[in-house]
Amino acid sequence: MVKSSNSSFFIVQAIQTIADWQWFEDLLRTYANTDLDEPQLSTIWKDLENLQARYAPPVGASVLLRFKNGQADQVVGCGAITKTDTPNTCEIKRLYIQPNFRGLGGSKVLIQALLQKAQQDGYDQAVLSTWQSNLTGLALYKSMGFVAVPSFKHHPNQQLIYLGRPLNGDLAQALS
């Protein structure tokens, strides 16, 4: 949980119920239809066919980001981790925050929660991919200790940037 002002803050909630999975799907469909770079190349369409197979334990974990302001409490974002073909490495995926809630620190809250979950699940490294035009995201990832890594998956978008960071050992930065 992170406060963003005196009376409002973000809460990260693990996805557990059918209603939670519906929120996740709705957010991802909005993301796919509005924010994706080259959506026709994205694997999100296949993921949406069965989100739990990709992002539920034991292969993954998914979360919702809630924004509380006084008595108001609303779901405003989401994110997930999933295993990769690289041993002890998970991928952070499907980070999305509704436009009206961007710039308030929610992305950092989401990423910190996902990194902590990955560490708890025994992963040694977290990786992610993003497009070159995602300058805000790239700056945030760099500030959180992500550095360039070799491609960890095949993707038809040759312009993707691959980043990773250790979760354990001397090279890992604090996840709080």
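Residue under question is Ala32, and the condition is that it be surrounded by 13 or more Cβ atoms within 10 Å (Cβ to Cβ) and touching a Pro at 6+ places or on another chain (Cβ under 9 Å); does it hold? Before you say what the answer is, go through the steps one by one.
Values: surrounded by 13 or more Cβ atoms within 10 Å (Cβ to Cβ): yes; touching a Pro at 6+ places or on another chain (Cβ under 9 Å): yes.
Answer is yes for this residue.
Looking only at the range 1-22, filter to residues that are in a loop (DSSP other than H, G, I, E, B), of a type in the set (Ser, Thr, Tyr) and at pLDDT below 90; which one of those is surrounded by the most Cβ atoms within 10 Å (Cβ to Cβ)?
Step one: list which residues in the range 1-22 are in a loop (DSSP other than H, G, I, E, B), which gives 1, 4-7, 15-17.
Those still in the list that are of a type in the set (Ser, Thr, Tyr) too: 4-5, 7, 17.
Then keep just the ones that are at pLDDT below 90; that gives 4-5, 7.
Working: Ser4: 17, Ser5: 8, Ser7: 10.
If we take residues in the range 1-22 being in a loop (DSSP other than H, G, I, E, B), of a type in the set (Ser, Thr, Tyr) and at pLDDT below 90, then Ser4 is surrounded by the most Cβ atoms within 10 Å (Cβ to Cβ).
What number of residues within the range 111-126 are under 17 Å from Val147 (Cβ atoms), touching a residue at least 60 places away in the same chain (Cβ under 8 Å) and over 11 Å from the mean Cα position of the chain (by Cα)?
So the count comes out to 0.
Considering only the range 27-139, give the helices (runs of 4 or more DSSP H) lying wholly within it that have at least 2 residues that are at pLDDT 95 or above and closer than 20 Å to Leu160 by Cβ.
Values: elements: 44-49, 51-55, 106-120.
Helices (runs of 4 or more DSSP H) meeting the threshold: 106-120.
The values are calculated or read from the model by the stated rules, or taken from the named source; none is laboratory data. These numbers were taken from a predicted model, which means no experiment stands behind them. All Cβ positions, glycine included, derive from the backbone under ideal geometry; neighbour counts span all protein chains shown.
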